[in-house]
Structures are given as structure tokens and as C-alpha cells.
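Data block below; observations after.
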Amino acid sequence: RKRRTADTFSVKKLQGLTTSNQKFCTSYSTCCSILSDVHTVPPVLSPSRGFIRQSCDSGLSSPLPSDPFKYLSWYDVEEHDVLGNQLHCPRVREGPSEEELFFRGEEHTLKKRKQVTDTEKWQKKLQENWENCAELNLSFQDLGDLYQVENFRRILQRLIRVEKLWLVDNSLTDLSAIRLPRCRELNVNKNYFTSFRQLPKLPQIQHLSLAENNIMTLSGISDLRHTPLESLILKRNPCEFQESYRQHVFSSLPNLKILDGVPKLPEDCSPPDTSFFPRMCTVL
């Protein structure tokens, strides 16, 4: 069987590489680290997983958001019985199309794909089995990129039973159209959210981490008031410097027990001065 050695490991084309084959995972991570450190003459990962030096004078930009991955070859893994809910950290990025490879002069890296019928496509989607997934990590895949977002949203809409979800560092901006009815723990650190209203619907959320986004104000935080939210992390967001920040958060979320890793303190219970709500602290 063939292996795909790029950053897309779709569930329908996996051989359990992200969970059972630790040797492959270690080697793959090492490859990505080496690729990210080389700028002038980046190495290429050959089908045998060896490195080949290659000149990069073409001047053509990569269709993939992450530069290290444009030097990897893509291979399909066919005829397997791995289901989506058996993988905790699948790679779901979409690979470059034949047209894009052609314009980059790299069409030789991908063998001609066979025609897939609608029935075969449907069977593969059923095999992904996202509906039964309870814990999932889709971090560090740049899934908010326009090239990836369609497939990413399709997966999110099928996560009707997921309870723990990590979407760290994916360039996400707006998931307000998504509903995660059973999600209790969501980590969306290091994304591009600017408001609480851009978050997915989370009726059962208990632990929410939004560190290192771009949330300017606490407007919209009351949308989480009727949830069982107990722990919230807003570190390294602009709203953290707002006057009476902790008082405003705790007054908006009565069930909240921990903010930014610090338990609720007696002074956090005092009602904030609403006359200063729109003002921000200036850090020089």
C-alpha cells in the first residue's frame, strides 16, 4: 500500500499512521522540522522518505498555506478499514489539485487519479464516521485558509457527539454557523477570533480556551451566560486590559469558577463600575 507523506492525512485514506505507527509520526515530525528550518535550498521528501536537494528558483507560490509542505509528495492510501472516530489527531487538510500542481510544474508528484463515482464518494464519507467521534484534535493545520475551509466546515457540521475538540492555530475567524451540541471542552487558542459572537454554538460548554486571539471587548460574552461554563481562558487578548476586566467577566457568567487559570476571588464578586465599561487601559 502507498502512503501519503504530506500534511493531509484524510480519514478515508489513513492506515492508522497518526495513532498506531509511532515510528512514522516521529519521522514525519522530524521531516517537517527540518523543512521549516531550511530556506535557501529546501529538501524534498522522496517516495522512499529520503531527502533530495532541490532548487527553488521557480518563483511560483505554493497553493498550500504552509510553505514547508509544498516540498512534499502526495500518495493515496486505498483499501483500509480505519474509521474517523478511531483517530484522535487526523490530518484533514486537502492536498493541491492536479491543476495547481501543473501550474507549479510539479504534476509528476501526483499520479493521475481515477474517476470516483458518487456512490464511492458517499461510502468514503460514511467511513469517516465523524458522527461517533467524541474526542478530536485538528490543531496546527491552517484549516481556516480558503483552500481548506470548505472541507473543514463539512467535518465540523458532522461532529454532533464530540465532547472534546482542539482547533489550535488554524487561522479561524468565524464559526458562528456551527453548532456543537455536546462539546464540553473547546480549545481555539492562537486563532483570529475578534468577538465572542464568532464562536460556535456551545450549549454544554464547561471549559473554553480563547488565548492569543484578537478579542477586543467583552461584548457578546453574555451569550455564554446560560451555559455550564466553569473555566475560561482569555489570556493575551486585548480585552484582558479592559478596566474591571475580571469583575465584568464574572458578573456576565455566574457559573464561572476560574478565569485565566485563577479561581474566583472575593474582589471579583464586586459589581463593576458600568460607567467605565467601554474604556480600555492603555499599556505603554
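The values are calculated or read from the model by the stated rules, or taken from the named source; none is laboratory data. Because the structure is predicted, anything quoted here is derived from the model rather than measured. Here the Cβ is made from the backbone with ideal geometry for all residues, glycine too, and neighbour counts use every protein chain on show. To get the accessible areas, we keep the full protein, side chains included, count just its heavy atoms, and leave off ligands, DNA and RNA. Shrake-Rupley method; radii C 1.70, N 1.55, O 1.52, S 1.80 Å.
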- Item | Residue satisfying all of: in the stretch 227-242; in contact with an Asp or Glu (Cβ under 8 Å, 6 or more places away or on another chain) and either open to solvent by 20 Å² or more (accessible area, probe 1.4 Å) or outside any loop (DSSP other than H, G, I, E, B) (or both); nearest to L256 (Cα to Cα) among these | L232
- Do any residues in the stretch 246-263 that are touching a residue at least 12 places away in the same chain (Cβ under 8 Å) have Cβ atoms under 8 Å from those of residues that are in a loop (DSSP other than H, G, I, E, B) and among the polar types (S, T, N, Q), where the two are at least six apart or on different chains, and which pairs are they? Q247/S270; N255/T227
- Task: Output the residue which, of all residues in the stretch 195-220 that are crowded, with 20+ Cβ neighbours inside 10 Å and of a type in the set (V, I, T), is farthest from V162 (Cα to Cα).
- Result: I215
- Message: Which residue is least open to solvent (accessible area, probe 1.4 Å), if the candidates are limited to the stretch 251-270 and must be in a helix (DSSP H, G or I) and either of a type in the set (G, A, S) or modelled with pLDDT of 95 or more (or both)?
- Response: S252
- Expected output for the stretch 148-162 (first residue under 17 Å from N129 (Cβ atoms) and open to solvent by 10 Å² or more (accessible area, probe 1.4 Å), partner in a loop (DSSP other than H, G, I, E, B) and charged (D, E, K, R), Cβ below 8 Å, 6+ apart or cross-chain) is N151/E94; I160/R182; R161/R182
- Message: Contact list please: Cβ distance under 6 Å, first residue in the stretch 225-244 and free of Cβ contacts under 8 Å to residues at least 60 places away in the same chain, second residue in a strand (DSSP E or B) and β-branched (V, I, T), pairs at least six apart or on different chains.
- Response: S231/I258
- Message: Step by step: first the residues of the stretch 211-226, then only those that are β-branched (V, I, T) and part of a loop (DSSP other than H, G, I, E, B), then the one that is modelled with the lowest pLDDT. Which residue is that?
- Response: T217
- Query: Just to be sure, is T194 among the polar types (S, T, N, Q) and at pLDDT 95 or above?
  - Reply: yes
- Message: Here is a check on your reading of the model: is N170 among the polar types (S, T, N, Q), within 12 Å of the chain's Cα centre (by Cα), part of a loop (DSSP other than H, G, I, E, B) and closer than 19 Å to L259 by Cα?
- Response: no
